[in-house]
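Here the structure comes first, spelled out in structure tokens, and everything after it is commentary.
The values are calculated or read from the model by the stated rules, or taken from the named source; none is laboratory data. Worth saying up front: this structure is predicted, and the values here are computed from it rather than measured. Cβ placement follows ideal geometry from the backbone for every residue including glycine, while neighbour counts extend to all protein chains displayed. Surface areas here come from the heavy atoms of the whole protein model, side chains and all, with no ligands, DNA or RNA. Shrake-Rupley method; radii C 1.70, N 1.55, O 1.52, S 1.80 Å.
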Amino acid sequence: MTGPALPRIAIAMKGYPRLSETFIAQELLGLQQRGLAFEIWSLRHPTDADRHLMHRQITAPVRYLPEYLHDEPGRVARGMLAALMRPGLFRLLPTFLRDLLRDRTRNRWRRFGQACVMARELPAGIRHLHVHYLHTPASVIRYAALLRGLSWSFSAHAKDIWTTPDWEKREKIAAASWGVTCTQDGHRELERLAERPGKVELLYHGLDLARFPGPETRPARDGSAAADPVRFVTVGRAVAKKGFDDLLDALARLPAGLHWRLTHIGGGERLKALKQQAQALGLAERISWAGPKAQGEVIAALQEADIFVLPSKQAGDGDRDGLPNVVMEAASQKLPIVATDFAGIPEFVRQGQEGLLVPPGDIDALAAALAELAIAPGWRSALGDAAFQRLRGAFSAAAGLDRVAVMLRAASGEGA
């Protein structure tokens, strides 16, 4: 009787598990279900108190690198001493020193140290490295791959595409065996920098509908009853690119006679400032700040809502969304979507078909869209039905998961 296959692939990411990264958990679980054996390597320990059900279903071993080199000096020293004995050091040093000349930060040294630790501790059977995010996690994986003489690949998403310098993206794409990304917007950007067409593939995350309950019938609320207000819901970390400050300003401009409530789900660095803004606008009594939640509670909130809203925009540092998974999660519950015509969102939501799109930062347009849908339950129902059908027809997770599994098997030599 043979035991389970030993992993030939290590999949790395910045932090694991994270409530905000359902797309990564969905991919890991999907690869596991397709019989792929892998290890998980994380640059950071988890900070969320809860976990998604998917995280509990993923059985791959998880290894954590030193988040800061001074946290585990002995482990780092062992990794660096081992690196001195590897022929791969002569491949790594020119690359690292070129990077350091252009990015003279402690963060760059940290990635070097983490890579040394990873190269030393990777099991001998690992044949290929794959990384989520093209910024700092990909630096660690690229350096570790050079030390160990391994191939590597990447999945690029959003912030990593838009906040990483062109020189770094270009060199990482060239060094990787292949890459994938999840929006047309991001794909165009990475193709612009790739040394050959087709080096980076467009693969939508999609949604595994088997994990979601069926949508429920909603009451026909129209905002006229104070006892039964229209319910808006939004989900996302309280960071600048989500546009929640614009949402609060838009809510303040809704007609005085419209009765509504908003639930926000998510943590984040700007949460305190948003609560203060809501208080200053006189909205505090109408808003529930639920904090970070596991997926089951997110779905429950979507089922109770009438309209999903996400006014994404570009942050001051260039950060922007891709196609947030929560947009598709809202569609799974037949919610109409009010969002911005920005980044990857219009690749799923088409104006007037699955929802309403407004220009990013246009607070009057956002307020008008919310007001229109709030008083039109029949229109909301039609948009929600269309969003659900679009999700089922064009954004299933299976095709993308099948393709990633094929590429990872080929890269690791599985079956060879």
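Quick rundown of the values:
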item	result
Options Glu67, Glu39: the member that is of a type outside the set (Ser, Thr, Tyr) and more than 23 Å from Lys159 (Cα to Cα)	Glu39
From the options Gly296, Gly355, Gly393, residue that is under 20 Å from Ile265 (Cβ atoms) and at pLDDT below 95	Gly296
Residue in segment 140-156 that is of a type outside the set (A, V, I, L, M, F, W, C), open to solvent by less than 20 Å² (accessible area, probe 1.4 Å), touching a His at 6+ places or on another chain (Cβ under 6 Å) and within 28 Å of Pro61 (Cβ to Cβ) present	yes
Yes/no for Gly198 being out of contact with any helix residue (DSSP H, G or I) (no Cβ under 8 Å at 6 or more places or on another chain) and modelled with pLDDT under 95	no
Number of the exception - Arg127 against (1) open to solvent by 50 Å² or more (accessible area, probe 1.4 Å); (2) over 23 Å from Tyr64 (Cα atoms)	(2)
Any chance Phe342 is of a type in the set (Phe, Trp, Tyr) and open to solvent by less than 10 Å² (accessible area, probe 1.4 Å)	no
Elements of type strands (runs of 3 or more DSSP E) in segment 184-300, at least 2 residues being touching a residue at least 40 places away in the same chain (Cβ under 8 Å), open to solvent by less than 20 Å² (accessible area, probe 1.4 Å) and not aromatic (Phe, Trp, Tyr)	230-235
Some residue of segment 237-252 being modelled with pLDDT of 95 or more and among the aromatic types (Phe, Trp, Tyr)	yes
Every residue from segment 1-56 that is in a loop (DSSP other than H, G, I, E, B), modelled with pLDDT under 95 and over 30 Å from Asn107 (Cβ atoms)	Met1, Thr2, Gly3, Pro4, Ala5, Leu6
Positions within segment 301-336 being of a type in the set (Gly, Ala, Ser), touching a strand residue (DSSP E or B) at 6+ places or on another chain (Cβ under 6 Å) and part of a loop (DSSP other than H, G, I, E, B), in sequence order	Ala305, Ser312
Every residue from segment 367-411 that is among the β-branched types (Val, Ile, Thr) and part of a helix (DSSP H, G or I)	Val404, Val406
Selection within segment 44-83 - of a type in the set (A, V, I, L, M, F, W, C), out of contact with any helix residue (DSSP H, G or I) (no Cβ under 8 Å at 6 or more places or on another chain) and touching a residue at least 40 places away in the same chain (Cβ under 8 Å)	Ala49, Val62
Among residues of segment 91-112, those that are open to solvent by 80 Å² or more (accessible area, probe 1.4 Å) and not basic (Lys, Arg), counted	3
Extreme residue, least open to solvent (accessible area, probe 1.4 Å), among residues of segment 73-90 that are of a type in the set (D, E, K, R) and farther than 22 Å from Ile11 by Cα	Arg86
Where Glu168 falls short, out of the listed (1) open to solvent by 10 Å² or more (accessible area, probe 1.4 Å); (2) touching a residue at least 60 places away in the same chain (Cβ under 8 Å); (3) farther than 19 Å from Leu100 by Cα	(3)
Selection from segment 345-368 of residues that are more than 29 Å from Thr181 (Cβ to Cβ) and open to solvent by less than 20 Å² (accessible area, probe 1.4 Å)	Ala367
Residues (within 19 Å of Gly88 (Cβ to Cβ), part of a loop (DSSP other than H, G, I, E, B) and touching a residue at least 24 places away in the same chain (Cβ under 8 Å)) located in segment 102-142	Leu122, Pro123, Gly125, Ile126, Arg127
Check on Ala365, among the aliphatic types (A, V, I, L, M), within 21 Å of Pro255 (Cβ to Cβ) and free of Cβ contacts under 8 Å to residues at least 12 places away in the same chain	yes
